[in-house]
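Novice: Have a look at this one.
The values are calculated or read from the model by the stated rules, or taken from the named source; none is laboratory data. In this text, all values refer to a predicted model and were calculated from it rather than measured experimentally. We place every Cβ from the backbone using ideal geometry, glycine too, and count neighbours over all the protein chains shown.
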Amino acid sequence: MKANANQIRQALAAPRLRFYLLHGPDDSGAAALATILAQAMGDRAERVDLDIATLKSDPARLADEAASLSLFGDARHIRVTGMGEESVAAVTALLAAEAAGNPVVAIAPSVKASAKLVKLAIESPLAMAFACYPPSAQDAERLAVTMAGEQGLRLAPGVAARLVAGTGGDRAVMGREIDKLALFLDAAPDRPHELDHGALDAIGADLDEAEATRAVEALVEGRPDRLAEELARLGEAGISPIPWLRQIVRRLVALAEMRAEVARGEPADTVMKRHRVFFRDEDATGRALRRWTPAMLATAIARLRAAERGVMAPGNAGAVLADEAVLTLTRALARRG
């Protein structure tokens, strides 16, 4: 079955199928959806993680794991990351197996809608496929409302837009922010609470943009020496890397939208005017549009969002992860000239 956004969320929240394929470039969104399945299985559920190398060398492994009982008799589910077309044999075996009581969710960021793997999932009554693409601003705001509602939060006017802007539209990061806000307000589905701007101001990770603007522009312009100086300044000030990572992502997302329009043949000046680029920023934005390709922007956004998730993960290396991510991107850009 081919699913829409509501259908896949509902299906993962009450899993009855064998296989859920989350394909497309928004791996962060796919990971957030996979978490819904984990939550539905319960806190005591066993999660089995498989990789592509395992499935390629042993295609029967997926069906075997899906049919196996947990060691302690608890619920069990399987997650596969980085799935690609080489997994067609493994998924075929899973769907053809006589029994497979443990649901499988697969994250497949490189798999396109026309792939054999997607066709296999769509045509099977035991499977569901959903294409994960970075949401538009409107879609992201609707998603924020939905995710907040699941935590018992009613969003005041304008709060959804701030959540999207503050998280760069990253579903996984948005989910963690909403969880944090629900905990702060003691909200739950059975005790709803309004999330207003005051609560967002109280514990949000927003940063005065002026604090990190020079770091943002240093990356966009491919100036690693200047970026290193700005990172040192931010570190000395004790500023968390989360806000400035988000600010960089917002800048690159805006560039990606404009660059896509330029790639379709529209003049850069016309595109900048449509996007209301401040006149003092037009020269820098024009240089960025010439320097960055759509593929480069997509790669940079994905890496920075991954860095933010890494910084927010338990037991992480902190600001070192963020610094390494932005400096690597900036040096690569500088080498291109």
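Novice: State whether the residues of segment 118-132 include one that is in contact with a Gly (Cβ under 7 Å, 6 or more places away or on another chain), assigned by TED's automatic domain parsing to the domain that holds Thr35, surrounded by fewer than 23 Cβ atoms within 10 Å (Cβ to Cβ) and assigned to a loop (DSSP other than H, G, I, E, B).
Specialist: no
Novice: Now for a different question. Which ranges mark the helices (runs of 4 or more DSSP H) fully within segment 228-319 that have 1 or more residues being touching a residue at least 40 places away in the same chain (Cβ under 8 Å)?
Specialist: 241-263, 282-291, 294-312
Novice: Then there's this: Out of all the residues in segment 89-117, which are within 25 Å of the chain's Cα centre (by Cα) and either of a type in the set (Lys, Arg) or part of a helix (DSSP H, G or I) (or both)?
Specialist: Val91, Lys112, Lys116, Leu117
Results for (1) loosely packed, with under 13 Cβ neighbours inside 10 Å; (2) touching a residue at least 24 places away in the same chain (Cβ under 8 Å); (3) of a type in the set (S, T, N, Q); (4) more than 17 Å from Ala11 (Cα to Cα), shown as yes or no for each residue.
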| residue | (1), (2), (3), (4) |
| --- | --- |
| His77 | no, yes, no, no |
| Val80 | no, yes, no, yes |
| Glu85 | no, yes, no, yes |
| Val88 | no, yes, no, yes |
| Thr92 | no, yes, yes, yes |
| Ala97 | no, yes, no, yes |
| Pro103 | no, yes, no, no |
| Ile107 | no, yes, no, no |
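Novice: Now for a different question. Across segment 9-28, what is the total count of residues that are under 18 Å from Met147 (Cβ atoms) and in contact with a Pro (Cβ under 8 Å, 6 or more places away or on another chain)?
Specialist: Total satisfying the criteria: 2.
Novice: Kindly indicate the residue of segment 161-204 that is assigned to a loop (DSSP other than H, G, I, E, B) and surrounded by fewer than 20 Cβ atoms within 10 Å (Cβ to Cβ) and also farthest from the chain's Cα centre (by Cα) among those meeting that condition.
Specialist: Asp190
Novice: Also: Keeping to segment 12-65, report how many residues are within 21 Å of the chain's Cα centre (by Cα) and at positive phi.
Specialist: Looking only at that region, the number is 1.
Novice: Restricting the search to segment 252-266, which residues are within 13 Å of Thr285 (Cα to Cα) and not β-branched (Val, Ile, Thr)?
Specialist: Listed by number, the residues that qualify are Leu252, Ala254, Leu255, Ala256, Glu257, Met258, Arg259.
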